[in-house]
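These notes are about the structure you will find just below.
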2 protein chains.
Amino acid sequence: MTASDSQRAVPGCGTPENEELILHPIGRVENGLSISTPRATLKETVSKIVLKPELAPGLDGLEAESRMLVVFHFHLAEESELHQHPRGDPSRPRRGVFALRGPRRPNPIGVTEVELLEIRENVLLVRGLDAVDGTPVLDLKPA
Amino acid sequence: MTASDSQRAVPGCGTPENEELILHPIGRVENGLSISTPRATLKETVSKIVLKPELAPGLDGLEAESRMLVVFHFHLAEESELHQHPRGDPSRPRRGVFALRGPRRPNPIGVTEVELLEIRENVLLVRGLDAVDGTPVLDLKPA
């Protein structure tokens, strides 16, 4: 590693053995849906992403009717297991957690590509976000 | 919110005001490249992702010659700004951070889709990962 100390991201980084990264939500999902909502319904629903108002300038240059990645915290996820039944369906053989996209992961982060429909100040309307009401949003990126 | 307490991910979650998520790397990138390496070179390079050995069973079911998402920590990133020049090029007009994919973000997380070439126990060979040597890897998902 040749980078100078000034280039290191100090917050949240410890020694390699106990290294950690501390993240804070930039906003939250509002769509009235719960963990019992069928996945197909989640994907069809128009969700709001409500950013912290002070972050709204960070949306400048994002265009409506484009594709966007939403990175979020699976905040209701139970503890990870290395082998899991896909979609929790016991009739399907277990697979490794990294071959699945479900929420019970070593780091409970979800990444979904959505359709960005509209931007109203600090609120984004998106379709295709498979996240329930109240989900903490961690990042947005152009797809 | 109707979920029972047992469904909440307690670790790292505080009150809504100071809510935080604490993540730990699952492995690290090895490719000998630095932040001065041209981006085009990064994208062409075959990188190793070395997982913690105890997580190797989580790879079961991932297939070589497939596409995979790599979620990683931009561990060398300087502090975020809401408006930035794309690629740090002052000749290009500033845009909002959420309309860019660069490393200086409120939560310094990168997401890149790569080509998974080969899996050898806890080591993956991938092409297309725009991350430097030593980058902490947070998650892997099928693309």
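Just so you know, all these numbers are worked out from the coordinates, no wet-lab data involved. The shown structure was predicted, so the numbers you read here are calculated from the model rather than taken from an experiment. Neighbour counts run over all protein chains shown; Cβ positions are idealised from the backbone, glycine included.
The set of residues in the stretch B:63-73 being under 17 Å from the mean Cα position of the chain (by Cα) and either more than 7 Å from chain A (Cβ to nearest Cβ) or farther than 20 Å from A:P25 by Cα (or both) consists of B:R67, B:M68, B:L69, B:V70, B:F72. Looking for something in contact (Cβ under 8 Å) with a residue 12 or more places away in the chain, closer than 23 Å to A:P57 by Cβ and touching a helix residue (DSSP H, G or I) at 6+ places or on another chain (Cβ under 7 Å) - is there at least one such residue anywhere in the stretch A:110-121? The answer is yes; a qualifying residue exists. Is it true that B:R67 is in contact with a helix residue (DSSP H, G or I) (Cβ under 7 Å, 6 or more places away or on another chain) and not aliphatic (A, V, I, L, M)? So B:R67 fails the test. For the stretch B:36-62, filtered to residues that are within 15 Å of the chain's Cα centre (by Cα) and not in a helix (DSSP H, G or I), the residue that is nearest to the other protein chains (Cβ to nearest Cβ) is B:L51. Residues in the stretch A:14-44 that are of a type in the set (D, E, K, R) and surrounded by 12 or more Cβ atoms within 10 Å (Cβ to Cβ): A:E19, A:E20, A:R28, A:E30, A:K43.
Only residues that are loosely packed, with under 13 Cβ neighbours inside 10 Å and touching a residue at least 60 places away in the same chain (Cβ under 8 Å): list them for the stretch B:45-65, please. Listed by number, the list holds a single entry, B:P53.
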